[in-house]
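A.B. asks: Before anything else, here's the structure in question.
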Amino acid sequence: MNVATRNFGAPIRRNEDPRLLCGQALFVDDVELPGMLYAAFLRSNVAHARIRSIDVAAARARDGVVAVYTAEDLGAYWAPGPLLVPPPPIEGITFNQRTQVPLAKHKVRHVGEPLAVVLAQSRYLAEDALNDIAVELDPLPAVVDLEKALTGDARVHDDVRGNIAARVRQSRGDYAAARSRAKHVIARRFLYDHGASQPIETRGIVANWDARANQLTIWDTTQAPVFLRNGLAGMLGLSERQVRVIAPFVGGGFGPKIMLFYPEEVVIPWAARRHNRPIKWIEDRLEHFFATTHERGQTHDAEIALDADGRILGVKDVFLHDTGAYNPYGLTVPINSQCTLLGPYVIPSYDSTFTAVFTTKPIVTPYRGAGRQHGVFVIERLMDVAAHELKIDRVEIRRRNLIPPDAFPYNNEIIYQDFAPLAYDSGNYEPILDKALKMIGYETFIAEEQKKLRAQGRHVGVGVACYVEGTGIGPYEGAKVQVQANGKVSVATGIGTQGQGHFTSFAQIVADQLGVDVPDIDVVTGDTDQFYWGAGTFASRGAVVAGNAVNEAAKAVRQKILKLAAEHFECAEEDLEIGNGEVSVVGVPGQAIKLGALALKANPMRGAVKPGTEPGLESTQYFGPPSGATASGVHAMIVEVDPQTFTLDVLKYVVVHDCGTVINPLILAGQIHGGVAQGVGNAFYEQLVFDDDGQLLNASLADYLLPTALEVPHMDIAHTVTVSPLNPLGIKGAGEAGAIPVGPLFAQAIEDALGLRDRNVELNEIPLSPGRLFELTVKLR
Amino acid sequence: MNFRLTQPAILIDINPLNELAGVNNGAGERLRVGALTRYRNLERDPATAQHLPLIAEALPHIAHPQIRNRGTIGGNLAHADPASEMPAIVLTLGGRLRAQSAKGERWIDAADFFVGALTTALEPDEMLMEVELPKAPPRSGACFMEMSRRRGDFAIIGVACTVRLDDHGRCAEARIGLCNAGDGPVFATQAARSLAGRAIGKNEIAEAAKLVQSEIDPGGSIHASKEFQRHLAGVLTMRALTKAGERARGSA
Amino acid sequence: MHPITVTVNGTKYERQVEDRLLLSDFLRHDLLLAGTHVGCEHGVCGACTVIFDGAPVRSCLMFAAQTDGHRIETVEGLAVDRDHLHPLQQAMRDCHGLQCGYCTPGILMTMKVFLEETPNPDEAQIREALSGNLCRCTGYQHIVEAVKLAAERMRK
């Protein structure tokens, strides 16, 4: 029997919006409980120091202060956090695990590392008391520069020589041989700095220990509630069932809200249990710049070997990766850079080695793109340099190297972040490129418009950049679908949501299977008491992995509905149809039963039930893909640059994207818009600027420049659809795609606008800025 | 205060002093703007566009609507942020400011009022009451330009200039002020003087821009090096003077 | 402590407030009108925007004590109920103008006054008016479309 697809694929308005629009959606800081205490953390104001003493006596004595704790007070509870993602099984790997601690003991390793926590009757009073704490620190040299970190004497961790957090080499083919027969070998150094995610809601946590129920409830701005519950239960010596973690509405995440376990997430629940009172901590924006993880810089020394026609023979890349003071997230970010560099191109030989370096800066964990940007920048810029040196059009050289559609699945023979070989499941890249070129008007622009504009004295250029993105990785997600007695359907999954529209896209999947309207489907995410198992929302995996689990569960409920209805009507299941919230017998008017009534029948008060029958119309199913699905796309833009002030005006921006089957095009467009906006920020506005002492110089939203409505251009979006064979719905992830290729696109288009190629200026770094363009084009010339 | 960088023991809210708000546009050549006049009031007051074209042009660069709804002229001038637009404009226009204390009142010329970064000639017991500004005279043009990373951000460099022409179309008087070009708002005396009595032509403007670059002492920041600020000061001075000259020629 | 009488969404509240209590904290934690969100507490992000005597302002840059005798509108006062949204809210939903929804209350309050003053705005005006509100999710495009749509519907 066919399932009608009137919801799946439609631009349906979101179920969650009315609550959000009326100011009635619950965010963590909205949780108010009687007897609540408020926490504030004292944080290190230097990047690197030994702790001589912390005197909290005066703070403890202040009116309104209930308690002050340092690392010593935590006793046996004090321990370095777990390693969240162990290193992948790659031969010859070096990995030095050093994870963050709840409150600093002996040493501080970055500005903002917490030293003590104050609990008080109000946040105002708690912050007052921070001033009362006397800290004696013996400063140590900061470790800021990656190359100096490797050779200098200063060590972030006393027992880690050269501050080497990890070293990983991956290769395919024989690069040396490829190089020796290459007609052209081009080498460059690339710097790519990615910034902070800066969700408009900062992090926060409320913990409430109910001694009567022996139950700990946590409201947390986390992207991964199930892991948080499991970890906290273990740390606190509780059973998982005694801990309930709720990630309510979360005001944006973009990666850093996964990083388990932030010190505050370890300290606040402990204190709540100790005091038998609810405790709230809400990060302020200043804290957010230090206390929430970043992404940051990599330095790549890369070379590309090509034949006379511009076909790639091989790529070699050696890069340094700033992992910050600790490395709880393992190697996800640099492995992504290493893997994503390969892009949509046939690269027969690849030799890539990276060194992850400890520095005295905040921790680096994935932020939207998660290292993919860095890799894409390197390969896209290499293609641009090669095009210029070989005198081939930049689009043509890309086209020549695209993986052909008949080559899928395409195995890159190296290991990806999910520990599986990096294999592209499906793709068809050339039509994407062609569509983007058509939309941006590439040929006409190059042949006619640009010349005309130049003649008018205007500096306008075009850029085109390609990328692929590994999405939808495992391990698995689950979902429970349940028909309620009132005919509505409840869906619960273990992932959290931070604005991706799961309340709606998951409902769309269920709506078509069960013949119920989307508004009648109530989706619950991020409450560990509603759904027990799961991993979380990251790596563009929510729709792919949880979406398919929802689909499997809905299918199972559909079977139950048909079976029970067939018994009810004493007919064959084939004679039934589901729709409009009821099951009816085809061709027999009046023979219909509401789903709610059927649900009641499935849970009778009296009477014998056949063995093997489960009560209710519900099912819990899990889905785990064998490996990640590979999305792909092309961005193109036309930009005008003021050659004297170096300010930009993006005249046209085009995205063509292939993420397989689309559940809701409106939500998908929103994801891409938001990704591009963050990409624009990364390319030209946002940069975390540290001085030699490891101090962050722009820790405010006045100086860390998030793009506003005036900086983000209007975007035109189009799609192609190459379904993924790795999941029944054929979906690929889309959450990060918009953000990934914007850096190389800006570099290429600005070079073109200012005619920098002819002046032998290359823009081999991101972010760019007016000041940096001035230096590169005027001052250093 | 929200960052706890300043923690004043006493804070006086002057918002209820309605008599300090508003533009007093008399018949004379000068008008007065009360200290509690909000940016938004200036934006909406027809007198601004008519008599204070420099301010009218600068207002959209000042932060965002929500800030302009609350921010006051007096608060801004008394805060004296060197990157802020209004101090440079008041200095360029040659305004004067009225300060009052329990002992009495005094008028302070803008050139004496701005002492340095976040520092003014106001005594601890004095309060800024109003600022007096000359109305744009006939045969004059003004222009404000700034370069900032995003609209509404503090200027990396801002240039305010006015040009008044004589009956022969030559420059009778030029005035050039800059924001974020030194410890306080900077008045580019030599550059302004270099234009007096001359035509406002390409070469004269280029010469003035060069002088501006030598008269300023920008501090540099994470957003722009001193060199870039100086470069921008030259670029924007040329553009602003050109525009002001055109406007002066177009005005009656 | 200051005694204040303030009208919020048409309801008069009499409260004693501490000198340093921010208006944003007062609204959220004293009046339990938690729809007004706090994003930066230094006047940049615009999430905490409320309407003060008819003008959008940042509630993190005002003290509660300053509102004595004044009138405030917050996001809670926009719609009759969830089924009867303000045209601006409805357009935001129709155009997918919100994702995580955290910045949304501030944007609604800014845009409400903007549309009252500018009933027929073009895209450039909308973007300019929006520029004091940061959104990290949407890239603004759907918000711009929503404001256009709301303006169109409100003119009818």
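A.B. asks: Which residue is modelled with the lowest pLDDT, if the candidates are limited to the stretch C:55-90 and must be part of a loop (DSSP other than H, G, I, E, B) and touching a helix residue (DSSP H, G or I) at 6+ places or on another chain (Cβ under 7 Å)?
C.D. replies: Residues of the stretch C:55-90 part of a loop (DSSP other than H, G, I, E, B): C:62, C:68-70, C:74, C:78-80, C:82-83, C:85-86.
Narrowing the set further to residues that are touching a helix residue (DSSP H, G or I) at 6+ places or on another chain (Cβ under 7 Å) leaves C:62, C:74, C:78-79, C:82, C:85.
Details: C:62: 95, C:74: 98, C:78: 97, C:79: 94, C:82: 87, C:85: 96.
So the residue we want is C:82.
A.B. asks: Do any strands (runs of 3 or more DSSP E) lying entirely in the stretch A:453-559 carry at least 3 residues that are open to solvent by less than 40 Å² (accessible area, probe 1.4 Å) and out of contact with any Asp or Glu (no Cβ under 9 Å at 6 or more places or on another chain), and which ones are they? Break it down into steps so the answer makes sense when it comes.
C.D. replies: Working: elements: A:460-471, A:477-483, A:489-493, A:521-525.
Here the list reads A:521-525.
A.B. asks: Okay, next question. Please determine, by comparing only the residues of the stretch A:11-24 that are open to solvent by less than 20 Å² (accessible area, probe 1.4 Å) and assigned to a loop (DSSP other than H, G, I, E, B), which one is nearest to the other protein chains (Cβ to nearest Cβ).
C.D. replies: A:23
A.B. asks: Which residue is farthest from the other protein chains (Cβ to nearest Cβ), if the candidates are limited to the stretch B:198-252 and must be β-branched (Val, Ile, Thr) and under 18 Å from the mean Cα position of the chain (by Cα)?
C.D. replies: Quick first cut of the stretch B:198-252, residues β-branched (Val, Ile, Thr) only: B:200, B:205, B:212, B:216, B:222, B:235, B:237, B:242.
Cutting the leftovers down to under 18 Å from the mean Cα position of the chain (by Cα) gives us B:212, B:216, B:237.
Details: B:212: 15, B:216: 16, B:237: 12 Å.
This residue is B:216.
A.B. asks: Here is a follow-up. Step by step: first the residues of the stretch A:669-700, then only those that are in a loop (DSSP other than H, G, I, E, B), more than 21 Å from the chain's Cα centre (by Cα) and of a type outside the set (S, T, N, Q), then the one that is farthest from residue A:651 (Cα to Cα). Which residue is that? Talk me through it step by step, then tell me what you get.
C.D. replies: Just the residues of the stretch A:669-700 that are in a loop (DSSP other than H, G, I, E, B), to begin with: A:686-689, A:691-695, A:697-700.
Adding the requirement that they be more than 21 Å from the chain's Cα centre (by Cα) leaves A:689, A:691-695, A:697-700.
Next, only the ones that are of a type outside the set (S, T, N, Q) stay: A:689, A:691-694, A:697, A:699.
Working: A:689: 29, A:691: 35, A:692: 38, A:693: 40, A:694: 38, A:697: 32, A:699: 31 Å.
Ranking the candidates gives A:693 first.
A.B. asks: Output the qualifying pairs, or none if there are none: Cβ atoms under 6 angstrom, residues six or more apart or on different chains, first residue in the stretch B:210-233 and more than 18 Å from residue B:183 (Cβ to Cβ), second residue of a type in the set (Phe, Trp, Tyr).
C.D. replies: These pairs meet every condition: B:228/A:774.
A.B. asks: Do any strands (runs of 3 or more DSSP E) lying entirely in the stretch A:25-77 carry at least 1 residues that are surrounded by fewer than 16 Cβ atoms within 10 Å (Cβ to Cβ) and polar (S, T, N, Q), and which ones are they?
C.D. replies: Working: elements: A:37-43, A:49-55, A:65-70.
Of the strands (runs of 3 or more DSSP E) lying wholly inside the stretch A:25-77, those with at least 1 residues that are surrounded by fewer than 16 Cβ atoms within 10 Å (Cβ to Cβ) and polar (S, T, N, Q) span A:49-55.
A.B. asks: In the stretch C:44-67, which residue that is over 16 Å from residue A:23 (Cα atoms) and facing chain A (nearest Cβ under 8 Å) is farthest from the chain's Cα centre (by Cα)? Step through it out loud before you land on a result.
C.D. replies: So the first thing to find is which residues in the stretch C:44-67 are over 16 Å from residue A:23 (Cα atoms), and the list is C:44-45, C:52-58, C:60-67.
Right, trim to facing chain A (nearest Cβ under 8 Å) and you get C:44-45.
Working: C:44: 14, C:45: 12 Å.
This residue is C:44.
A.B. asks: Filter the stretch A:242-256 for residues that are closer than 28 Å to residue A:672 by Cα and of a type outside the set (Gly, Ala, Ser); which is farthest from the other protein chains (Cβ to nearest Cβ)? Show your work before the answer.
C.D. replies: Filtering the stretch A:242-256 down to residues closer than 28 Å to residue A:672 by Cα leaves A:246-256.
Filter once more, so that each one left must be of a type outside the set (Gly, Ala, Ser): A:246, A:248-250, A:254, A:256.
Values: A:246: 16, A:248: 11, A:249: 7, A:250: 7, A:254: 7, A:256: 12 Å.
Across the stretch A:242-256, the extreme among qualifying residues is A:246.
A.B. asks: Here are the criteria: (1) out of contact with any helix residue (DSSP H, G or I) (no Cβ under 6 Å at 6 or more places or on another chain); (2) under 30 Å from residue C:46 (Cβ atoms). Tell me which single one residue A:159 does not satisfy.
C.D. replies: The single condition residue A:159 does not satisfy is (2).
A.B. asks: Which one is surrounded by the fewest Cβ atoms within 10 Å (Cβ to Cβ) among residues in the stretch C:120-131 that are under 22 Å from residue A:651 (Cα atoms) and in contact with a helix residue (DSSP H, G or I) (Cβ under 7 Å, 6 or more places away or on another chain)? Walk me through it before giving the result.
C.D. replies: Taking the stretch C:120-131 as the starting set, the residues that turn out to be under 22 Å from residue A:651 (Cα atoms) are C:121-131.
Those still in the list that are in contact with a helix residue (DSSP H, G or I) (Cβ under 7 Å, 6 or more places away or on another chain) too: C:121, C:123, C:126-127, C:129-130.
Details: C:121: 19, C:123: 14, C:126: 23, C:127: 22, C:129: 24, C:130: 24.
Among those residues, the one meeting the criterion is C:123.
A.B. asks: Being touching a strand residue (DSSP E or B) at 6+ places or on another chain (Cβ under 8 Å), of a type in the set (A, V, I, L, M, F, W, C) and open to solvent by 10 Å² or more (accessible area, probe 1.4 Å) narrows it down to one of B:10, B:67, B:73, so name that one. Break it down into steps so the answer makes sense when it comes.
C.D. replies: Numbers: B:10 fails: touching a strand residue (DSSP E or B) at 6+ places or on another chain (Cβ under 8 Å); B:73 fails: open to solvent by 10 Å² or more (accessible area, probe 1.4 Å).
The unique qualifying residue is B:67.
A.B. asks: Taking residue A:732 as meeting all but one of (1) of a type in the set (D, E, K, R); (2) within 14 Å of another protein chain (Cβ to nearest Cβ); (3) open to solvent by less than 10 Å² (accessible area, probe 1.4 Å), write down the number of the exception.
C.D. replies: Here residue A:732 clears every test but (2).
A.B. asks: Does the stretch A:563-584 contain any residue that is open to solvent by less than 20 Å² (accessible area, probe 1.4 Å), without any contact (Cβ under 8 Å) to a residue 12 or more places away in the chain and outside any strand (DSSP E or B)?
C.D. replies: yes
Residue-wise test of (1) touching a helix residue (DSSP H, G or I) at 6+ places or on another chain (Cβ under 8 Å); (2) within 25 Å of residue A:115 (Cβ to Cβ); (3) open to solvent by 30 Å² or more (accessible area, probe 1.4 Å).
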residue: A:239; (1), (2), (3): yes, no, yes
residue: A:247; (1), (2), (3): yes, no, no
residue: A:253; (1), (2), (3): no, no, no
residue: A:257; (1), (2), (3): no, yes, no
residue: A:261; (1), (2), (3): yes, yes, no
residue: A:272; (1), (2), (3): no, yes, no
residue: A:311; (1), (2), (3): yes, no, yes
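A.B. asks: Something else now. State whether the residues of the stretch A:731-742 include one that is more than 28 Å from residue A:409 (Cβ to Cβ), of a type in the set (Asp, Glu) and part of a loop (DSSP other than H, G, I, E, B).
C.D. replies: No, every residue in the stretch A:731-742 fails to be more than 28 Å from residue A:409 (Cβ to Cβ), of a type in the set (Asp, Glu) and part of a loop (DSSP other than H, G, I, E, B).
A.B. asks: Of the conditions (1) under 30 Å from residue C:86 (Cβ atoms); (2) at pLDDT 95 or above; (3) surrounded by fewer than 23 Cβ atoms within 10 Å (Cβ to Cβ), residue A:6 fails just one. Which one is it?
C.D. replies: (2)
A.B. asks: Enumerate the pairs (first residue in the stretch A:240-255 and farther than 19 Å from residue C:47 by Cα; second residue anywhere and of a type in the set (Asp, Glu)) with beta-carbon separation below 7 Å, excluding pairs fewer than 6 apart on the same chain, so at least 6 apart or on different chains.
C.D. replies: The qualifying pairs are A:244/A:529; A:245/A:220; A:246/A:527; A:247/A:220.
A.B. asks: Related question: Looking only at the stretch C:135-149, which residues are among the hydrophobic types (A, V, I, L, M, F, W, C) and surrounded by 24 or more Cβ atoms within 10 Å (Cβ to Cβ)?
C.D. replies: Kept after step one, since they are among the hydrophobic types (A, V, I, L, M, F, W, C), are these residues of the stretch C:135-149: C:135, C:137, C:143-144, C:146-147, C:149.
Residues satisfying the conditions are C:135, C:137, C:143, C:146, C:147.
A.B. asks: Can I ask one more? In the stretch A:177-205, which residues are closer than 20 Å to residue A:347 by Cβ and either within 14 Å of another protein chain (Cβ to nearest Cβ) or without any contact (Cβ under 8 Å) to a residue 60 or more places away in the chain (or both)?
C.D. replies: Initially, the stretch A:177-205 is screened for residues closer than 20 Å to residue A:347 by Cβ, giving A:177-190, A:192.
If the condition is that a residue be closer than 20 Å to residue A:347 by Cβ and either within 14 Å of another protein chain (Cβ to nearest Cβ) or without any contact (Cβ under 8 Å) to a residue 60 or more places away in the chain (or both), then A:180 is the only one that fits.
A.B. asks: On to the next question. Could you list, in sequence order, all residues of the stretch A:701-728 that are part of a loop (DSSP other than H, G, I, E, B), more than 11 Å from chain C (Cβ to nearest Cβ) and open to solvent by 20 Å² or more (accessible area, probe 1.4 Å)? Walk me through it before giving the result.
C.D. replies: Filtering the stretch A:701-728 down to residues part of a loop (DSSP other than H, G, I, E, B) leaves A:701-715, A:720-728.
Filter once more, so that each one left must be more than 11 Å from chain C (Cβ to nearest Cβ): A:720-728.
Answer for the stretch A:701-728, where residues must be part of a loop (DSSP other than H, G, I, E, B), more than 11 Å from chain C (Cβ to nearest Cβ) and open to solvent by 20 Å² or more (accessible area, probe 1.4 Å): A:720, A:721, A:722, A:723, A:725, A:726, A:728.
The values are calculated or read from the model by the stated rules, or taken from the named source; none is laboratory data. It should be emphasised that the depicted structure is a prediction, and the values quoted were computed from it without experimental measurement. Neighbour counts are summed over all protein chains in view; Cβ atoms, including those assigned to glycine, are modelled from backbone coordinates with ideal geometry. Please note that ligands, DNA and RNA were not included when accessible areas were found on the heavy atoms of the full protein model with its side chains. Shrake-Rupley method; radii C 1.70, N 1.55, O 1.52, S 1.80 Å.
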